[in-house]
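J.: Quick one: the structure is below, and I'll ask about it shortly.
The values are calculated or read from the model by the stated rules, or taken from the named source; none is laboratory data. Small disclaimer: the values here were computed from a predicted structure and weren't measured. Cβ placement follows ideal geometry from the backbone for every residue including glycine, while neighbour counts extend to all protein chains displayed. Heavy atoms of the whole protein, side chains included, go into the accessibility calculation; ligands, DNA and RNA do not. Shrake-Rupley method; radii C 1.70, N 1.55, O 1.52, S 1.80 Å.
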Amino acid sequence: MLGAFNCQGGGWCREKRDMLPSPIHCVPCSTNVSPQDIEWNHGSSFQHDRRSFAMYSKKFDKIFILDVGESINMTLNPLEYDILTVTPLLQDIAKDVCFAPIGLLNMMNSGGCVESIDLNGNLVMKVRGEGQFCVYASCQPKVCKLDGEITNFIYNSGDGRVLVEVPWKVEPTTLGLCF
């Protein structure tokens, strides 16, 4: 996860008991964000074996596919923020399919719901929580299954987004995509 914040131009108003923008310092803020901004190995320098990543912007509801050295430019207005989920692209070499679990879009830490991933010919994940689950896929899945049962899904060929509604259960849900 990456967080980008433009905290400039805001201040606490005691009378209104709220953060209010200051018209003097209200300016947009721009920056570049990259998978290299993440401390993948608990604080050490960037050392990840993946070469490509999916980056999901919660604010802009957009998926970016980036190589390890690439970045995206973003501009945030005063008191705006964005939370970005960064996931290494996984690849099924035999089927020439790339995919990356983004997670539950209704959660700030969308990827935090993924408990495990298995790549035995298909993508199978254990997911905890409910809501709209998003996976980036380089091609449309043939079948989607929830706990072994075929279920409906939406595939957006424009950005590779696969969306599946995951219902609430106490135990983790098994979500499978067959390509």
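J.: Given R₀ = 41 Å, FRET efficiency for Lys16-Met108 by Cβ-Cβ distance, to 0.05?
T.: 0.95
J.: I would also like to ask the following. Which lysines, if any, have their Cα less than 23 Å from the Cα of Lys142, not counting same-chain residues under 8 positions apart?
T.: Correct list for Lys142: Lys95, Lys126.
J.: Carbon and sulfur: what percent of the chain's accessible surface (1.4 Å probe)?
T.: 50
J.: Still on this model: For Lys169, what residues show an amide H to amide H distance below 5 Å, using hydrogens built from the backbone and excluding near sequence neighbours?
T.: Sorted by chain and number, the residues that satisfy this are Gly129.
J.: With every protein chain kept in place and ligands, DNA and RNA left out, what is the accessible area per residue of the chain? Probe 1.4 Å, answer in Å².
T.: 56
J.: If R0 is 45 Å, what FRET efficiency do you get for Trp168 and Gln8 from their C-beta distance, rounded to 0.05?
T.: E(calc), rounded to 0.05, equals 0.70.
J.: At 7 Å along the Cα-to-beta-carbon direction for both Thr151 and Asn77, put a label point, then send me their distance in nm to one decimal.
T.: Placing both labels 7 Å along Cα→Cβ, they lie 3.6 nm apart.
J.: Can you give the charge dipole size of segment 77-179 about its Cα centre, rounded to the nearest 20 debye, using +1 on the beta carbon of Lys and Arg and -1 on the beta carbon of Asp and Glu?
T.: Result for segment 77-179 is approximately 180 debye, rounded to the nearest 20.
J.: At a probe size of 1.4 Å, how large is the accessible area of Cys98, to the nearest 10 Å²?
T.: 30
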